[in-house]
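Structure first, commentary second.
The values are calculated or read from the model by the stated rules, or taken from the named source; none is laboratory data. Just so it is clear, the model here is predicted, and its values are computed rather than measured. FYI the Cβ positions are ideal-geometry reconstructions off the backbone, even for glycines, and counts take in every protein chain you see. The accessibility values were calculated without ligands, DNA or RNA, using every heavy atom of the protein model including side chains. Shrake-Rupley method; radii C 1.70, N 1.55, O 1.52, S 1.80 Å.
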Amino acid sequence: MSIRDVYIVDAVRTPIGKFGGALSSVRPDDLAAHVVRALVDRTPELDPVRIDDVVFGDANGAGEDNRDVARMAVLLSGLPVSVPGVTVNRLCGSGLEAVIQAARAVALGDASVAIAGGVESMSRAPWVLQKPERAFPAGHQQLHSTTLGWRMVNPKMPAEWTVALGEGAELVADKHAITREQQDAFALASHRKAAEAWAKGLYDGEVVPYGDVDLPRDECIRDTTSMEALAKLKPSFRTDGTVTAGNASPLNDGAAALLLVDEEGLRATGREPLARIRASAVTGVEPQLFGLGPVEAVRRALAKADRSFDDLTAFELNEAFAAQSLGCLAEWPELDLSVVNRRGGAIAVGHPLGASGARLAGSVAHQLAAAGSGTGMAALCIGVGQGLALVLER
């Protein structure tokens, strides 16, 4: 069996809304349908009947995403009912996992044209109630938030594995002696780069606003923040800690989608591809050190692609926390930091869990297309201790 080349023809995303913000009135299945429809509309030569599958990442799945949000997106977007849809979950890496799985199907010949993406509405994530062990309990019952983090933890899990995500970031800061000032400076740079990218129109080619919602750009970018303002924020997880709301990614709503094709599918689109998918890798680490998950995944993906850090011209590293990102960067001394998150990262842009990986992959593809050539990387840390990485080329 020959392995086919896989091309990214196009990539779109919504502006990223803040928790309880402009997109909080929009259901996640509608957000997913919106980017699917926009992606198809931007390639009018492609007959939607030719789409072999739609693969979407979704970290929650407990609410209006309705278990299989990919299939819901197909139906709500008006695609032919013959187009199937499958939803995958690798927590924060779900959107990138969707891209990797769809690319694998195309590479193996199981699909010629596929849509991959991700969605999350953290604003609309429901509370869930466990069923009682027997009927009619006399006492009060506890609701669990599905917005973020551990819930209904298995008592067999070691306590050190199930710490809060922010405490995990503190552990990375401890491990690499990362100071509060370094984290705040990293966060400030993220906001400034994101604001500058929007001002220069660098996101115009990939962002598709949602309907009548008044959200012209990513909602959490703070143009006027400063080191002084960030320094005033109290630590969020330890009284003497370094991780704050200002140097961590916010809670967000949004969706992203990419169009993946083989050579035959590319001819059907009548378009020039943005980039080609070269290699991917996934790895595991101790759950409490989830923030360092990308370290080995990136190295393995580069090795599979027969590339080195010196070859990278665009690197989108998801900024779950400044401490986590700085910890990873400290373990890649060969990497030119000027290629990392040139258009801002998740601390400013936002981190809608299931959508983020697709956003990163799409951003790398657009950056490579703008440059005309190069090698790009998209990578994320993942709660419960995993790392995921994807290499793109043009």
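Among the candidates L188, L171, L148, L215, single out the residue that is of a type in the set (A, V, I, L, M) and over 28 Å from D58 (Cα atoms).
Only one candidate qualifies: L188.
If we keep just the residues of the range 73-87 that are open to solvent by less than 50 Å² (accessible area, probe 1.4 Å) and hydrophobic (A, V, I, L, M, F, W, C), which is farthest from V49 (Cα to Cα)?
The residue in question is A73.
From the set of residues in the range 278-294 that are within 17 Å of the chain's Cα centre (by Cα) and either outside any loop (DSSP other than H, G, I, E, B) or among the hydrophobic types (A, V, I, L, M, F, W, C) (or both), which is surrounded by the most Cβ atoms within 10 Å (Cβ to Cβ)?
My answer is P294.
Restricting the range 40-72 to residues that are modelled with pLDDT under 95 and buried (at least 24 other Cβ atoms within 10 Å of the Cβ), which is nearest to V128 (Cα to Cα)?
N60
Out of S94, S112, report the one residue that is among the polar types (S, T, N, Q), more than 23 Å from D47 (Cβ to Cβ) and open to solvent by less than 40 Å² (accessible area, probe 1.4 Å).
Result of the check over S94, S112: S94.
For the range 204-214, does any single residue satisfy the condition of being more than 27 Å from T87 (Cα to Cα), of a type in the set (S, T, Y) and either at pLDDT 95 or above or open to solvent by less than 20 Å² (accessible area, probe 1.4 Å) (or both)?
no
Taking the options A173, A189, A195, A229, name whichever one is at pLDDT 95 or above, open to solvent by 30 Å² or more (accessible area, probe 1.4 Å) and either within 25 Å of the chain's Cα centre (by Cα) or not small (G, A, S) (or both).
Selected residue: A189, the only one of A173, A189, A195, A229 that is at pLDDT 95 or above, open to solvent by 30 Å² or more (accessible area, probe 1.4 Å) and either within 25 Å of the chain's Cα centre (by Cα) or not small (G, A, S) (or both).
Examine the range 321-334 for a residue that is in contact (Cβ under 8 Å) with a residue 60 or more places away in the chain, closer than 15 Å to A256 by Cβ and in contact with a strand residue (DSSP E or B) (Cβ under 8 Å, 6 or more places away or on another chain), and state whether such a residue exists.
Within the range 321-334, not a single residue is in contact (Cβ under 8 Å) with a residue 60 or more places away in the chain, closer than 15 Å to A256 by Cβ and in contact with a strand residue (DSSP E or B) (Cβ under 8 Å, 6 or more places away or on another chain).
Only residues that are of a type outside the set (S, T, N, Q) and open to solvent by less than 20 Å² (accessible area, probe 1.4 Å): list them for the range 310-320, please.
L312, A314, F315, E316, L317, E319, A320
Filter the range 20-33 for residues that are farther than 19 Å from R67 by Cβ and either within 16 Å of the chain's Cα centre (by Cα) or crowded, with 24+ Cβ neighbours inside 10 Å (or both) and give the result.
Of everything in the range 20-33, just one residue is farther than 19 Å from R67 by Cβ and either within 16 Å of the chain's Cα centre (by Cα) or crowded, with 24+ Cβ neighbours inside 10 Å (or both), namely L23.
If I filter the range 144-182 down to residues being assigned to a loop (DSSP other than H, G, I, E, B) and of a type in the set (D, E, K, R), which single residue comes out as nearest to G327 (Cα to Cα)?
In this case the residue turns out to be R151.
Residue by residue, here is whether (1) acidic (D, E); (2) open to solvent by 40 Å² or more (accessible area, probe 1.4 Å); (3) modelled with pLDDT under 95 holds:
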site	(1), (2), (3)
E296	yes, yes, no
G350	no, no, no
G357	no, no, no
R394	no, yes, no
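Which residues, taken from the range 117-174, are of a type in the set (F, W, Y) and in contact (Cβ under 8 Å) with a residue 60 or more places away in the chain?
Within the range 117-174, just W161 meets the criteria.
Can you tell me how many residues in the range 8-19 are open to solvent by 30 Å² or more (accessible area, probe 1.4 Å) and either under 28 Å from R278 (Cα atoms) or in a strand (DSSP E or B) (or both)?
Qualifying residue count for the region: 1.
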